[in-house]
Amino acid sequence: LFLSLQLFGTIVWILVASTQIPLPLLQGWVMFVAVTAWFFSIVFLSVFLFGYANRIAVNWNQADFIFHGATFVFYFGAFLLQAATTSLHYFPRKFNSTTQETILSGREYNISIAASV
């Protein structure tokens, strides 16, 4: 489960970073969640791989449950924010301008869809 969390967290991180980030407040939270979950999953995995789990008196089943529960809640919130950013694709970037430049280009729209999924 940790390896899949690292893999998909890295993919989200790359996809969001490859767009021009039109709404930094929303997508900044998505990046924060992806990077933080990725980092803590590496720490958690290292604790198990190097045998520190046997030396530290912690209920690891409960710690694992709390970690993945919190990660689910934060990733779900990040999904909602990324999906909200993606849904604004057809709105113009500048409301007072005569040009019809959208917030997300076609390529960035597709990347945002992939990051949302």
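The values are calculated or read from the model by the stated rules, or taken from the named source; none is laboratory data. Bear in mind that the values here come from a model prediction, so they are computed numbers and not experimental data. Neighbour counts run over all protein chains shown; Cβ positions are idealised from the backbone, glycine included. Note: areas computed on protein heavy atoms with side chains; ligands, DNA, RNA excluded. Shrake-Rupley method; radii C 1.70, N 1.55, O 1.52, S 1.80 Å.
Quick rundown of the values:
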read-out: Kyte-Doolittle mean at least 1.6 and Cα axial length at least 27 Å: DSSP H helices in the chain; value: 24-49
read-out: Principal axis dimensions, the chain - Cα atoms, whole angstrom, descending; value: 66, 19, 18
read-out: Normalised contact order of the chain, rounded percent, pairs of Cα under 8 Å and 6 or more residues apart; value: 33
read-out: The chain, accessible surface, carbon-and-sulfur percent (1.4 angstrom probe); value: 72
read-out: Distance between modelled label sites at Ala114 and Ile42, nm, 7 Å Cα→Cβ extension; value: 2.2
